[in-house]
Every structure is written in structure tokens, then in C-alpha cells.
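Worksheet: the structure to be examined is printed underneath.
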Amino acid sequence: MINSKIAFLASSGKQAIAAKNALEKIYDSTSVNDADVIIVLGGDGIMLHTLRQYINRPVKVFGMNRGTIGFLMNEFSKDDLLDRINSATLVTLHPLRMKVEKNNGDIEEALAINEVSLLRQTSQTAKIKITIDDTVRMKELLCDGILVSTPAGSTAYNLSAHGPIIPLGAGVLAMTPISAFRPRRWRGALLEHGATIKIEALDTKKRPVSASADATEVRDIKSVIINEDRTIDLNILYDPDHNLDERVLKEQFSP
């Protein structure tokens, strides 16, 4: 990555904007559309937004924390930025692709970097069926919803739903129920990243269900098929001493 063209992108926070302005006075930069490496300033939200926005470009993203949550970010420093980029470790992630069949027969697809989530649309509890690689694993789950999370998204909605935090290179996905009613004690599952997941909504006239791939929502669904799309690479750069595994452990033992 020596002599890479870099660009700076900040969230709307004052701290992130000030950092961007300071860095642009020190380092030569180009437009985001022409960059090989995008320096993202803010929190995890702007990191994931940037990955999503440039999902079809072979760009690398180096994040520095100038926001409230920075689980996916490096520490901020104005010093030696080019050396940090050139010595950084590359982590490649892959998004989830959801293929939705609606009750009217329409088919819709969308990509998710964080998670694919299914939620009840009314006050009625959702009733769903779960099939993994053509084997029915749960004939009936009554719940508010369920989500399938990537490692990158495991510290977001998945964590709020009491799902596990997953190291970025673990090669697994988290399936986490949202307010499971029956079976009440089911806490979810860890699945191989290559699994084909099918979730069917049952009794949809009484219990309508929506499905969302990150912010893309489809309502009145019949079923959703979820796969990791390994044709799409999301490339994140980390400082060599940015021990993400250690951060994952600390997060799991935090009060």
C-alpha cells in the first residue's frame, strides 16, 4: 500500500470533523471516489456506513475512533498515519445476502453488513420455522423476532438481544432470538459462515413478519434465505498492535 491515495471521511460529530480538518492539513489527500484507502473518523456507525456505501469498490478502510463507540476502529492519532497504513493488518469481511419471498409472491434481495433481522409487524407474536442446510432445526419458534449476525454486527443489535460477540476471523454467524416465548430457554446458535439459512414465517395472516437487511426493510414476508456472499470483500485495516481478539474478550467480561 506504499504511495496509496488516501481520502478522509468523517461522521457528523464535532470531534470527527475537527480530526478530519487537522489531518487534511498534514497529509495529501484525494476525493473519496479516487482513493485506495479511506480514513474514516468517528465510530462504528460511520465505519459500517462507509463499507456499505463503497461495497462495490476494492477500497480499503482504516478507521480511527472519534465517536462514542469504536469497537471496529483503531485509536486516533495524527502522527505517522502513512506508516500505520503501510504496516496495517488487513481483515476481509463478507456481507450477508437475504433473499425474501413475500406473501404476494414477489422476490426481493438486499445485503447486510451487520445483520438480517425478522420482526413481528403487529402486537401478535411471530411464529417462525428455522431450516439450516435443508435440515429443519426448529419447527416452531414463538418470538418477537430473530436475527442472523455477521461478526462485524455482533456488537450491535445482536449484542443488545443478548447474542454472542464474535471475533472478526471466527468464520461463524450468530443466530439470536428476540424475546423468545416458546421454547423460552432457547438462546440461539452459532452457525458455520457457509451455512444456508431459511426462516419461514408461519400463520402470516394473523402474525405478519417483516425482514430487514441492515436498514433495508421488506414487509409481509413468507420466507427469507440468508447466505454469506463471499463474492464481495469488505477490507478493513488495523494497526498490528490493535488486538481485536483482546477487545472481544474484554467486551464479553465487561459489567
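The values are calculated or read from the model by the stated rules, or taken from the named source; none is laboratory data. Since this is a predicted model, take the numbers as computed values, not measurements. Because the Cβ atoms are built from the backbone with ideal geometry, glycine has one as well, and the counts that use them run over all protein chains shown.
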Original post:
Quick check: anything in the range 129-145 of a type in the set (D, E), under 25 Å from K205 (Cβ atoms) and touching a residue at least 12 places away in the same chain (Cβ under 8 Å)?
Top reply: yes
Original post:
How many residues does the range 70-83 contain that are surrounded by fewer than 19 Cβ atoms within 10 Å (Cβ to Cβ) and either basic (K, R) or part of a strand (DSSP E or B) (or both)?
Top reply: 1
Subject >> Residues satisfying the stated conditions in the range 34-47, i.e. within 16 Å of the chain's Cα centre (by Cα) and either outside any helix (DSSP H, G or I) or surrounded by 21 or more Cβ atoms within 10 Å (Cβ to Cβ) (or both) >> reply: G43, D44, I46, M47
Original post:
Out of R57, R120, which single residue is basic (K, R) and outside the structural domain of R219 (by TED's automatic domain parsing)?
Top reply: R57
Original post:
Which members of the range 57-105 meet the condition of being among the charged types (D, E, K, R) and within 18 Å of N3 (Cβ to Cβ)?
Top reply: K60, D80, D83, R84
